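Undergrad: Just dropping this structure here.
Here, each number is a calculation from the coordinates, and none is a lab measurement. Since we're looking at a predicted model, the values are computed, not measured. No Cβ is skipped: glycine too gets one built from the backbone with ideal geometry, and neighbour counts run over all protein chains shown.
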């Protein structure tokens, strides 16, 4: 009964949730990603006890995920790789970072890794990645969401 409350609340509030995310993110693709990630987070969370609690958690989760996405986007916009001076220490750190990235990606299931590499690393659109992998666009979005969650979990274990 509990997961159904979340699913029904999320479905009923989709246009409102889209508006909440849209006020923060501005991009339709970012909004769609935020909604997908929010639903995955909600699904893995504890079961709500009432319809009102389910609605409230949907709205709050979408807002938090959207704010996190906007902050990540702003950090990446401010990142200037030319500001870093190349030294032997920097080369060693870069090699270490690449090793960590490879280990994290190796921890993903094959389909999630493929979707993450296409969408997350090579900046393909979901529909293009889906065609290349022979899956639906929704499956690509779902696998991307799961890959992000798995990568966060693996990273936190480091």
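Undergrad: Give the range 138-158 a look and list any residue that's within 12 Å of residue 36 (Cα to Cα) and loosely packed, with under 15 Cβ neighbours inside 10 Å, or say none.
TA: Selection gives 138 alone.
Undergrad: Here's another thing I want to ask about it. Being under 21 Å from residue 152 (Cβ atoms) and either loosely packed, with under 13 Cβ neighbours inside 10 Å or in contact with a helix residue (DSSP H, G or I) (Cβ under 6 Å, 6 or more places away or on another chain) (or both) is true for just one of 50, 38, 11, 15. Which residue is that? Walk me through how you get there before you give the answer.
TA: Details: 50 fails: under 21 Å from residue 152 (Cβ atoms); 11 fails: under 21 Å from residue 152 (Cβ atoms); 15 fails: under 21 Å from residue 152 (Cβ atoms).
Answer to the selection: 38.
Undergrad: Another question about this same structure. Restrict the check to the range 17-29 and report whether at least one residue is in a helix (DSSP H, G or I) and under 20 Å from residue 143 (Cα atoms).
TA: Step one: list which residues in the range 17-29 are in a helix (DSSP H, G or I), which gives 17-25, 28-29.
Next, only the ones that are under 20 Å from residue 143 (Cα atoms) stay: 28-29.
Within the range 17-29, one or more residues are in a helix (DSSP H, G or I) and under 20 Å from residue 143 (Cα atoms).
Undergrad: For the range 18-35: of the residues being under 11 Å from residue 59 (Cα atoms) and free of Cβ contacts under 8 Å to residues at least 40 places away in the same chain, which is surrounded by the fewest Cβ atoms within 10 Å (Cβ to Cβ)? Before you say what the answer is, go through the steps one by one.
TA: If we filter the range 18-35 for residues that are under 11 Å from residue 59 (Cα atoms), which is where we start, we get 18-21, 35.
Those still in the list that are free of Cβ contacts under 8 Å to residues at least 40 places away in the same chain too: 18-19, 35.
Numbers: 18: 16, 19: 12, 35: 23.
Only one residue tops the list, namely 19.
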